[in-house]
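Below is one structure; the comments refer to it alone.
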Amino acid sequence: MYKWIGYRKKVVRENLALVFPDKTEKERLKIEKSFYRHFSDLFVEMIKAFKMPLAQMQKRFVFKNVEVLNKLSAKGKNIIVVGGHYANWEWVFSLAALTQAFPIATYLKINNPYFERLMLKNRQRFGGKLVETKNLRNSLRRFKQNHQQFILGLLSDQSPQRHRARYWGSFLGVSEVPIHTGPEELAKQHDTGFVFMYIHKIKRGYYEIEFEVITEEPHKYPNYQLTDIYLKKLEKQIRRQPEYYLWTHRRFKHKNQKPE
C-alpha cells in the first residue's frame, strides 16, 4: 500500500508537516511509514471483523473499565462517548455486548446500496444501532420518549464543512481550523454524561480501551469548553504515538478560512 499504491501519500505528508514542524524530515518519514503499516493492518482488521466471533473479538479488543459506562447508566444518565479516528475504532461496536444502555453510532449514507447493507450488518451484529447522521437528533428524541437509555459514540475529530462550522479553534497545534461541536451540543441538550474513549494499540491485532468521564453535568461548562477538553485529550494520545492516527483525511483543508 505504501510503496506501490501510495494512497493519499501527499495528504499524509502535508498533515505531518503541519502538525510536527519541529521534527526533521527523516523523523516525519519514520512516522509516515509506521502509519501506513498500521493503516494496512486496519484494513485487514476491518475485513476480519465480518466473521470474527464475539469471544475472539473480546480477546483482541479489551474494554478495561466498561463499568464506568454502566455506573452512569445505573444513575439514569444517557451517555455521549467521544473519541477520534485513532488505532482501531471499527471494533468499538463490540461494546454493545457489555453495556446496560443501548449503544448508538452515526454514519454517512453510502451511495452503493450493497456496501451500505454490508456495513450496517457488520457494525450492528453484536447489538446496538447505526443511525444516519441526518436522522440522529430525531432518533435521540425517540429514545428519550420511549425511556430507553442510550450510549452515543461520536468521532468528531475530522473537519466539518466550512459553512456549517460554529466554532474555530486549534487542533494538534494548527490554529484557526473549524471544529465539530455536535457532541457538546447534544450532551447539553440531553443532559448526558460526557466520556472520552482512549484506544491503545498493544500489538498488531490487539487493543485496550479505557473510558474517562469528563463530566456528568455538561450544562455547567461554557460553550465549546467541553469540545476543547475532549480535543486536548485526543491530541495528547496522538502525539504520544502519532503513527496510529488517521492522517489520510484532509483535516486542515479549511485552515485560516474562517468567514468574516
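Structure summary
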quantity: Sole exception among (1) in contact with a His (Cβ under 7 Å, 6 or more places away or on another chain); (2) without any contact (Cβ under 8 Å) to a residue 60 or more places away in the chain for Glu208, by number; calculated: (2)
quantity: Restricting segment 138-188 to residues that are part of a loop (DSSP other than H, G, I, E, B) and among the aliphatic types (A, V, I, L, M), the residue that is nearest to Ala105 (Cα to Cα); calculated: Ala165
quantity: Test: residue in segment 136-154 that is of a type in the set (A, V, I, L, M, F, W, C), within 24 Å of Phe39 (Cβ to Cβ) and modelled with pLDDT of 95 or more; calculated: yes
quantity: Test set (1) touching a Leu at 6+ places or on another chain (Cβ under 8 Å); (2) not in a strand (DSSP E or B) - Ile80 fails condition number; calculated: (2)
quantity: Leu29, sole failed condition from (1) without any contact (Cβ under 8 Å) to a residue 24 or more places away in the chain; (2) loosely packed, with under 15 Cβ neighbours inside 10 Å; (3) not in a helix (DSSP H, G or I); calculated: (3)
quantity: Test: residue in segment 214-224 that is without any contact (Cβ under 8 Å) to a residue 24 or more places away in the chain and assigned to a helix (DSSP H, G or I); calculated: yes
quantity: Unique residue being modelled with pLDDT of 90 or more and either assigned to a strand (DSSP E or B) or under 19 Å from the mean Cα position of the chain (by Cα) (or both) when the list is Leu130, Leu95, Leu72, Leu120; calculated: Leu95
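The values are calculated or read from the model by the stated rules, or taken from the named source; none is laboratory data. Note that the coordinates shown come from a computational prediction; the quantities given were computed from them, not determined experimentally. Every residue, glycine as well, gets a Cβ built from its backbone with ideal geometry; the counts of neighbours run over all protein chains shown.
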